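Every read-out reported here was derived from the displayed coordinates using simple, explicitly stated rules and does not represent laboratory data. Please read all numbers here as calculations on a predicted model, not as lab measurements. Here the Cβ positions follow ideal geometry from the backbone for every residue, glycine too, while neighbour counts run over all protein chains shown.
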């Protein structure tokens with residue numbers, strides 16, 4: 001398990017200058033939907049036996065160190081999802097990583113974390129169809145950009161709380177059934193101690209940008225995105241608590257977005 | 001309903017999803033003449049809209065295009081649109097709509113050329129393939145569909161109410177609420193669940209948008225009942241309203257309704273429509289409402305009578321000697337019976353037209369403007385087979401069509417309603433029929449008495465063979481002294497019917513009296529699940545409970561209850577079904593249906609068999625001589 005948590009919150013895919021296209025899109029599921037932060041707006045390809053791709057033109061070269069997807073669906077029969085990138089439109093795409101596709105994947109998130117930041121303008125998510133099965137692929141909430149890894153990770157004592165909003169129906173005699181609703185996770189009692197003070201600056205900038213309204217990716221353990229990387233939002237903008245001279249802590253609650 | 005839908009309803013962990021599909025109108029403008037074609041004009045029309053307001057926009061599915069009130073025909077290409085006036089082709093890939101008007105001229109010359117389209121919203125994101133993206137924008141408020149019977153046996157009252165609240169935090173509806181026409185447009189509600197295909201979703205109902213209200217957080221669709229086509233007043237035409245082919249000179253008919261006749265009716269007072277022809281011309285023509293098929297125009301007079309205005313003496317007239325007949329009138333050709341001194345009555349029947357209940361009901365629906373596609377004609381045909389007697393309906397005064405329908409329902413013990421598929425349908429109400437649904441203890445979250453004052457009748461009189469001219473009718477009656485003495489009061493009820501036969505009327509009186517001879521047990525219930533989401537008022541439910549209002553056992557072993565009121569609520573929390581059950585007017589343990597061949601005797605029968613099958617009594621009237629509660633036995637409903 002990785003030692004420190006990471007926040008991916010400054011998404012180049014959502015920039016107004018970013019142009020999003022796809023090899024082919026099913027009617028009603030355009031690639032431009034990926035500019036929408038809502039988890040329930042997603043892209044779906046047409047049904048084919050070939051590869052499919054999602055392309056992001058960021059307008060100019062941008063720094064990036066991680067690539068994430070939520071609500072993903074690869075081709076059945078052994079399909080993969082790769083990230084490719086290039087600087088100039090005439091350049092060939094170069095592989096930057098292949099997602100590990102966990103099964104099961106309770107958080108619905110997959111991630112590629114690079115060791116060092118790179119600067120690219122064109123990014124492609126390539127869905128390969130190795131089994132040549134006639135199928136469609138999907139992607140939601142694509143992230144391209146840098147991440148913030150605090151010097152110190154989350155303190156002990158946080159809780160990952162599964163929330164099931166399903167509604168119980170109970171008969172007079174006690175027999176029960178439940179109207180199923182999508183469940184999600186909350187990360188509670190999370191406290192991020194900050195040292196050095198520069199982390200406080202970065203965290204404050206992040207909080208000011210996302211508040212409790214804009215979703216982001218929060219990886220408790222970046223090495224295990226299937227279980228420990230969430231796409232969601234802060235329940236309330238994290239407080240900045242003064243602990244000691246130039247020591248601050250950020251207690252927060254993180255709530256997973258429902259797709 | 002599909003197998004997958006039924007399985008979802010039966011599941012103990014159903015993941016309900018409600019689809020909300022408003023069908024909205026956009027008036028189309030800015031037409032460009034397509035130079036490559038003679039009759040084709042085009043305008044921009046995108047499926048993905050509001051992309052500048054919401055990233056990804058909102059998808060809309062084009063349903064049809066209309067020129068004023070005329071629907072244009074969908075074609076597969078612009079060339080076909082050019083070759084067939086009154087057509088359209090939607091090039092979705094290029095967001096372009098090609099149109100040729102019915103006359104070939106520019107669409108701008110018409111008051112409206114508009115596109116009707118469906119918007120996709122849901123309470124939760126469904127995983128459809130081959131369907132548009134249903135956006136989960138429903139933020140809580142959803143309507144309830146309620147229907148009830150003011151009388152447990154006849155008549156439906158529908159009271160659908162509610163609103164739909166859509167998420168508008170991203171401003172999607174700020175402009176759309178004004179760019180499009182929402183008022184009086186239909187919203188369809190479908191119920192399904194996680195993992196179900198779109199085709200498995202069942203239509204729960206439709207309502208009409210009264211208005212759309214928008215604020216920074218939500219867009220509210222204010223909804224109202226679509227309304228019944230039977231609220232129309234019939235007959236629709238009056239004498240002197242400009243109906244073609246009539247010279248109206250009879251002053252006493254101006255402004256009066258042009259009559260409608262179904263079946264056979266005696267003693268119909270004929271309207272004097274032309275006093276300038278011979279000694280008086282009386283119309284027998286039937287004028288249809290606007291849409292086809294019309295009521296058959298030909299009415300035959302089986303006998304014609306002259307009634308002296310002073311003495312009221314009736315004289316049977318002789319054809320050709322006293323009067324001549326055409327397809328639309330009767331003309332008196334002798335001064336003996338001039339119009340100034342005589343009224344003319346006739347015994348009438350409709351030629352090759354609706355005479356039996358099913359046929360008459362269908363004709364009423366069509367002549368009130370209902371689309372034939374919205375009528376389950378096979379159900380009305382089956383009704384005629386089950387109730388084949390000829391009715392007599394002669395309408396000469398304005399009356400709401402639904403009142404006529406109620407009287408027909410009452411005449412034959414039938415029920416007319418809009419079924420789950422949205423089509424008009426009909427059935428004979430038979431309390432001895434097998435139950436459509438089965439419920440048990442575990443299915444009820446609520447089971448409480450429903451307070452309602454009720455009448456117990458010891459006598460019912462059914463009127464039949466109504467004579468229009470005199471306002472008189474024959475009567476058949478049914479009475480029961482047991483009810484009279486036990487109730488210590490006498491309550492009688494008179495029922496007007498369109499029946500013509502005394503035997504039919506006597507049967508009806510007997511059934512009505514029996515079903516009003518005891519107070520009903522009315523139960524307010526709420527379901528734990530949604531078994532009854534597809535049920536209708538009047539449907540029969542077999543109920544099994546450890547306790548119940550049954551004299552013989554104190555338990556419910558599958559006795560039949562009728563749905564008297566049902567409310568299907570789609571939200572705000574979860575879909576629920578609640579309503580009122582009626583124990584067949586207190587007779588549920590007495591009404592039976594025939595058991596299968598080789599049925600066992602009472603002594604060996606199970607509780608469930610005793611609840612619903614018939615059993616012979618002994619000479620003293622007891623099914624079980626040791627059990628006084630089996631006295632008077634079972635009746636065939």
Legend entry - Ellipsoid equivalent to chain A - semi-axes via the Cα gyration tensor, in Å: 31, 27, 15
Inset, instruction - On a C-alpha basis, how far is the centre of the range B:533-568 from the centre of the range B:383-448 in Å? Whole number, if you could? - result: 18 Å
Inset, instruction - Taking only Cα atoms and a 10 Å spring cutoff, compute GNM fluctuations for chain A and point out the largest among A:181, A:121, A:239. - result: A:181
Legend entry - Isotropically averaged projected area of the range A:47-113, using the convex hull of Cα atoms (one quarter of hull area), nm²: 5.7 nm²
Inset, instruction - Within a 10 angstrom radius of each residue's Cβ in B:54-64, how many Cβ atoms of other chains show up on average? Whole number is fine. - result: 4
Inset, instruction - At 7 Å along the Cα-to-beta-carbon direction for both residue B:314 and residue B:421, put a label point, then send me their distance in nm to one decimal. - result: 4.7 nm
Inset, instruction - Please tell me the relative contact order of the range A:106-259 in percent, rounded to the nearest whole number, where contacts are Cα pairs under 8 Å and at least six residues apart. - result: 25 percent
Inset, instruction - Report the full-extension gain for the segment residue B:327 to residue B:12: residue separation times 0.36 nm, less the Cα-Cα distance, to one decimal in nm. - result: 106.9 nm
Inset, instruction - Take the alpha-carbon positions of the range B:71-150, form their convex hull, and give its projected area averaged over all directions (one quarter of the hull surface) in nm². - result: 10.2 nm²
Inset, instruction - Using Cα centres only, tell me the gap between the range B:30-62 and the range A:200-259 in whole Å. - result: 43 Å
Inset, instruction - Quote the relative contact order of chain B in percent (integer), defining contacts as alpha-carbon pairs under 8 Å separated by 6+ residues. - result: 11 percent
Legend entry - FRET efficiency, 1/(1 + (r/R0)^6) with R0 25 Å, evaluated for residue A:101 and residue A:160 via beta carbons: 0.70
Inset, instruction - In whole angstrom, note down how far apart the Cα centers of the range B:313-361 and the range A:27-70 are. - result: 79 Å
Legend entry - Relative frequency of Cα-Cα separations exceeding 36 Å in chain B, percent: 54 percent
Inset, instruction - Provide the descending list of Cα extents for the range B:5-144 along its principal axes, expressed in whole angstroms. - result: 61, 34, 28
Legend entry - Surface/4 of the Cα convex hull for the range B:432-540, nm²: 9.7 nm²
Legend entry - chain B, helix-only ellipticity at 222 nm - DSSP H runs n ≥ 4, -39,500 (n - 2.57), divided by all residues, nearest 500: -3500 deg cm²/dmol
Legend entry - Relative contact order (%) - the range B:486-637, alpha-carbon pairs under 8 angstrom, separation at least six: 20 percent
Inset, instruction - Could you give me the percent of Cα pairs per 20 Å distance bin for the protein assembly as shown, shortest bin first, beginning at zero and ending with the bin that holds the maximum distance? - result: 12, 32, 30, 19, 7, 1, 0
Legend entry - Radius of gyration, Dmax [the range B:339-449; alpha carbons; angstrom]: 18.7, 75
Inset, instruction - Taking each pair of different alpha-carbon atoms in the range B:482-627 once, compute 1/r for the pair, average those values, and report the inverse of that mean as the Kirkwood hydrodynamic radius in Å to one decimal. - result: 17.9 Å
